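**Q** Dropping the structure in here first, questions after.
Laboratory data are not the source of any read-out in this text; all were calculated from the coordinates shown. For clarity, every value in this text was computed on a predicted model and none was experimentally measured. Here the Cβ positions follow ideal geometry from the backbone for every residue, glycine too, while neighbour counts run over all protein chains shown.
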Amino acid sequence: MHNPIMPRLCALLISLFSLTALTALQATAETKPDTAIKAFQGDTPDSPMSIDYKDLSAILSQTVWETGHSDRSTAGKTVPRTGSRIVTGSRGNTRTEGNRVDFHAFLGDNYDVIVALRRDLEKVPAAVPLNQFNRNEQLAYWLNLYNLTVISQIAGIFPETSLKKHYPALWDEKVLNVAGVPLSLNDIHHKILIPKYRDPLIMYGLFQGVIGGPNIRDEAYTGVRVWHQLKANAREFVNSNRGAFVRERIIRTSTFYEVNKALFPDFEADMKAHLMRYAKKPFADKLQAASSRVGTDQRNWYVADLYGGNRSRSSASSNPAAFLNAFTNSGEGYSHVGGEYYGEAGVATAWGNTAITHNQSLTRFPIHLVDMARKIQMKNQRNREGSVEVEEYDDVPETKADDASNTDGPEH
């Protein structure tokens, strides 16, 4: 006798088997280690080799505008341009915070220059394996490559106002090829840096291209100073509205901390301890009195540029020839190691030629930027004229004239 239940039972068993097999394959795919990343493991602690970044520092010094430390003042309302009802740019309390990049300097032929420089940096591990460098040199290399890639990625889609619609695609794109290994920004961040260093300080060296993220410095990271540079960035970010503040006894922090959750295993406890480490008075007192609850909903996706994403013919660089200083010895090689910079970036002559054709005055900045500059100027005047407070730190505050022998270590 035919049993109608048997076919349905067999079909159910087959479906369950298929689902189990698929789940197992997915689990295997998720847990399978990324063997390609192993190419960048290991180091040589006593290695005398270093990587020179004078070219990158020259570009950053010409295109990064430092806004100074936050005074946590309310940014106030933005106003539209004359004859317009349209308000552009960020409107939140973080609007006047964070260093800015003149992304207009990277338009046209200049875009090819930074891409060429990025490609030269990609070639370093093929010429000299990274495991022949010490850990600090490797960290500086990855941070510089990451930040230059972020700048070139944003320059490729500029003018742009907000990066929210480009997240996470911009960070997931395998835009890099390092020693034959295709890499994305997230690969560098989550598969190389976090597993290798396990230190919260590394997050402050990863420029996100947005106002709400850690600062871009006006200089490249170097192996001998990298931890000192990261600590300076940490102090700036923690003590800003972009980084953390206390409201109704709840610690409100940047969503960027949630992205770096792997660096804070016991998230709320570790976060509070970390913030306390770098907080200045009176913020440190507010943190101490706050509850253990930590929120991560503070964000500002506006591009950290000078114009709020609006195209302008003016440029913040008043000396385009300075861009070329680090490229005058360009040649066929691409060595960054222990000396001058050589490589594809010899096409940087286009940089100066393009920049010269633009209006160099600052008179075309949008209203919100003029307002921002005025507020920053007033803030700096108050800081100069205010009272002096002596605070104890576990390390010496950051200065550009730091002794080259400084070897400040990581947080842990």
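**Q** With a/c under 1.5 counting as rounded, go ahead and sort the range 144-273 into rounded, prolate or oblate using the C-alpha gyration tensor (a ≥ b ≥ c being the square roots of the eigenvalues; past the cut-off, prolate if a/b is larger than b/c, else oblate).
**A** prolate
**Q** Let me ask you something else. Rounded to the nearest 0.05, what FRET efficiency do residue 126 and residue 69 give with R0 = 41 Å and r taken as the Cβ-Cβ distance? Could you check?
**A** 0.55
**Q** Could you order peptides 207-219, 288-300 by the average number of other Cβ atoms within 10 Å of their residues, highest first?
**A** Descending packing order for the listed peptides: 207-219, 288-300.
**Q** Something else: Peptides 261-270, 61-70, 171-180: what's the order by average Cβ count within 10 Å, highest mean first?
**A** 61-70, 171-180, 261-270
**Q** Oh, and also: Search the structure for amide H atoms under 5 Å from the amide H of residue 51, placed 1.01 Å from N in the peptide plane, and list their residues when 5 or more places away or on another chain.
**A** Placed amide hydrogens put 223, 338 under 5 Å from residue 51.
**Q** Consider a paramagnetic label point 7 Å from the Cα of residue 119 along Cα→Cβ; state which residues of the range 181-197 have an amide N under 20 Å from it.
**A** What the label zone holds, given the 20 Å backbone N cut-off, is 181-185.
**Q** At a 10 angstrom cut-off on C-beta neighbours, averaged per residue, how do the peptides 231-242, 272-283 rank from highest to lowest?
**A** In decreasing order of mean packing, 231-242, 272-283 become 231-242, 272-283.
**Q** Further question: Is the shape of the range 141-191 rounded, prolate or oblate, going by the alpha carbon gyration tensor and its root eigenvalues a ≥ b ≥ c, with a/c under 1.5 for rounded and a/b larger than b/c for prolate?
**A** Prolate is the answer for the range 141-191, as a/c is 1.5 or above and a/b outweighs b/c.
**Q** Report the extension gain between residue 270 and residue 247 in nm, rounded to one decimal, defined as 0.36 nm multiplied by the number of residues separating them, less their alpha carbon distance.
**A** Residue separation times 0.36 nm, minus the Cα-Cα distance, leaves 6.4 nm.
**Q** For residue 297 and residue 109 in the same chain, what is the full-extension length gain: residue separation times 0.36 nm, less their Cα-Cα distance, in nm?
**A** Once the chain is fully extended between residue 297 and residue 109, it gains 63.8 nm.
**Q** Between residue 164 and residue 288, what FRET efficiency comes out of the Förster formula 1/(1 + (r/R0)^6) with R0 = 41 Å and r the beta carbon distance, rounded to 0.05?
**A** E between residue 288 and residue 164, to the nearest 0.05, is 0.75.
**Q** Full extension from residue 261 to residue 54: what is 0.36 nm times the residue separation minus their Cα-Cα distance, to one decimal in nm?
**A** 71.2 nm
**Q** Of the cross-linked pairs 123/164; 54/280; 38/231; 164/280; 54/123; 54/165, which ones have a Cα-Cα span greater than 25 Å in the structure shown?
**A** 123/164; 54/280; 38/231; 164/280; 54/165
**Q** Quick one: check the C-alpha center-to-center distance for the range 217-243 versus the range 134-195, whole angstrom.
**A** Spelled out, the Cα-based centre of one part sits 18 Å from the other.
**Q** Shape of the range 94-187 from its Cα gyration tensor (a ≥ b ≥ c, root eigenvalues): rounded if a/c is under 1.5, otherwise prolate when a/b > b/c, or oblate?
**A** Since a/c reaches 1.5 and a/b is larger than b/c, the shape of the range 94-187 is classed as prolate.
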